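Notes follow once the structure below has been shown.
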Amino acid sequence: MEKNNRGGPSPWSARHTAIYYNHQKDSVRNIIIVNPYEDSLFEKKIRDLCNRDCSDNERHAIQEDPKILLLVLLEMYLSNWKAYINERCQAYEKEVGNYGQ
């Protein structure tokens with residue numbers, strides 16, 4: 001979930017990001033395809049990880065287990081889901097409260 005800043009009935013938009021990877025431990029070749037929407041925060045984070053000087057430990061950890069990228073994705077967007085659910089709960093409580101009056 002992400003704030004869409006468009007106004008309208010809902011200030012939130014659901015976003016779809018997929019990570020596909022083919023990882024062979026005995027091979028130096030890994031294929032990772034990240035399919036975010038254009039210019040997503042996740043894409044920027046991955047580009048930052050790729051462009052900056054990662055420590056050998058960080059680079060090795062990602063190469064050994066590309067599923068680490070899933071943790072990065074969750075870390076980035078979990079707080080948005082928390083805010084979204086909180087807003088929906090508040091709206092529900094307001095609606096239920098108004099219905100009983």
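Throughout, read-outs are computed from the coordinates displayed, never taken from laboratory work. Since this is a predicted model, take the numbers as computed values, not measurements. Methodologically, a virtual Cβ is constructed for each residue, glycine included, from the backbone with ideal geometry; neighbour enumeration extends over all protein chains shown.
With r as the distance between the Cβ atoms of ARG47 and ARG6 and R0 = 25 Å, compute the FRET efficiency 1/(1 + (r/R0)^6) and round to 0.05.
Here the calculated transfer efficiency is 0.45.
Taking amide hydrogens as modeled 1.01 Å from N in the peptide plane, which residues meet the under 5 Å criterion relative to ASN4, leaving out close sequence neighbours?
Here the answer is TRP12, SER13, since their amide H atoms fall under 5 Å of that of ASN4.
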